[in-house]
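Quick notes on the structure that follows.
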Amino acid sequence: MSKKTKIIAIAVTAVVLLALAAGYLYWTGAFDKFLPRKAFVLEEYHASDAAAIEPEEYVPDLILVNKQHTLSEDYEPDIVFYRDTDVPMGRAIVDAYGELSDYIRNNMNDRLFVSSTYRSYDEQQRVFDEEGSDVAALPGESEHQTGLAVDVYVKNFAGKGFIQSKVGMYVNKSCQDYGFIIRYPEGKEDITGFEYEPWHLRYVGHPHAEIIAEYDLTLEEYLGYFAAGKWYKYGDYVIGMCSEDDIKIPTGVDQDSVKFSKDNRGNVFVWGKIA
Ligand SMILES: [Zn+2]
């Protein structure tokens, strides 16, 4: 081989290897953290008026639970068993979780398992006593008490290793399609108060999950964006925050589509589709 051919061969090999490495990093999403974050701005929705309403029922979707916003011992969500199992889950999430689980079974030839879902205040106390404060949240500070959180794994890939699996990558990239968010993302530990947990999914429903994923937010940042009496648009949704004693629906919103959720900070979130 001439010297020139050798140099060309080495150069081509280097380019191919670099391209493969870049492709791998892109596919795993490792590049994402180097990209500048998209500024979180929602378009304002200007209603000509807003009508006062007393909600007949609330969904739990946007309840905030963290070290600053705790749940009392008496907080008891609506819990059912998932499909034909003895796994307790919030009624609000069983369908969404089922869809995610079905997708993985039918399209990825793998099975998503649940290691933990609903934990009562007393169970959380027991976990805290057993595992200590480095791993477990104090009772009242765990959103597992809401029934809206699921810890998941696949065979051979549990805990921090979950993200190394194909399913783990899919779940972390696409769980918003099912109404879930990665509640404790990497790099936001100072906001959430928790280490990165690629296995902990939290249901917040639509369109909140899509917004949180699109703008790379935590639930704290998302809820913190809103101010009482201001309405915002996202796709064909209108979203706003009201104080608990002054709940309103703005004009131009389809009344039948409207949902209400308390946020555990003294506010009620109101959202629905543009009529
Ligand atoms: Zn968890």
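Does segment 254-275 hold any residues that are open to solvent by 10 Å² or more (accessible area, probe 1.4 Å) and within 11 Å of I53 (Cβ to Cβ), and which are they?
Q255, V258, F260
Would you check if there is a residue in segment 158-165 being more than 16 Å from the ligand (Cβ to nearest atom), of a type outside the set (K, R), over 28 Å from V80 (Cα atoms) and modelled with pLDDT under 95?
Checked against the condition, which is being more than 16 Å from the ligand (Cβ to nearest atom), of a type outside the set (K, R), over 28 Å from V80 (Cα atoms) and modelled with pLDDT under 95, segment 158-165 yields no hits at all.
Looking at G266, G272, G235, G224, can you tell me which residue is within 21 Å of E56 (Cβ to Cβ), within 21 Å of the chain's Cα centre (by Cα) and at pLDDT 95 or above?
Among G266, G272, G235, G224, only G272 is within 21 Å of E56 (Cβ to Cβ), within 21 Å of the chain's Cα centre (by Cα) and at pLDDT 95 or above.
Among the residues of segment 192-209, is there at least one that is surrounded by fewer than 18 Cβ atoms within 10 Å (Cβ to Cβ) and either in a helix (DSSP H, G or I) or away from the ligand (no atom under 16 Å from the Cβ) (or both)?
No.
Sort out for me the strands (runs of 3 or more DSSP E) sitting completely within segment 75-138 that have 2 or more residues that are assigned by TED's automatic domain parsing to the domain that holds W199 and either touching a Pro at 6+ places or on another chain (Cβ under 9 Å) or open to solvent by 90 Å² or more (accessible area, probe 1.4 Å) (or both).
Result: 79-81.
Collect the residues in segment 231-251 that are surrounded by fewer than 16 Cβ atoms within 10 Å (Cβ to Cβ) and either over 24 Å from S174 (Cα atoms) or free of Cβ contacts under 8 Å to residues at least 60 places away in the same chain (or both), keeping them in residue-number order.
G235, D236, S243, E244, D245, D246, T251
For P36, which of the numbered conditions (1) more than 20 Å from Y222 (Cβ to Cβ); (2) modelled with pLDDT under 95 fails to hold?
(1)
I'd like the full set of residues that are open to solvent by 40 Å² or more (accessible area, probe 1.4 Å) and either among the aromatic types (F, W, Y) or not assigned by TED's automatic domain parsing to the domain that holds S115 (or both), limited to segment 145-179.
Matches in segment 145-179: Y153, F157, Y170.
Checking the structure you have, find out if any residue of segment 59-68 is loosely packed, with under 11 Cβ neighbours inside 10 Å and either of a type in the set (K, R) or under 22 Å from I181 (Cβ atoms) (or both).
For segment 59-68, residues loosely packed, with under 11 Cβ neighbours inside 10 Å and either of a type in the set (K, R) or under 22 Å from I181 (Cβ atoms) (or both): absent.
The values are calculated or read from the model by the stated rules, or taken from the named source; none is laboratory data. Just so it is clear, the structure is predicted and the values come from calculations on it, not from any experiment. Using ideal geometry, Cβ is built from the backbone for each residue, glycine included, and neighbour counts are taken over all protein chains shown. Side chains are part of the model used for accessible areas, which takes the heavy atoms of the whole protein and leaves out ligands, DNA and RNA. Shrake-Rupley method; radii C 1.70, N 1.55, O 1.52, S 1.80 Å.
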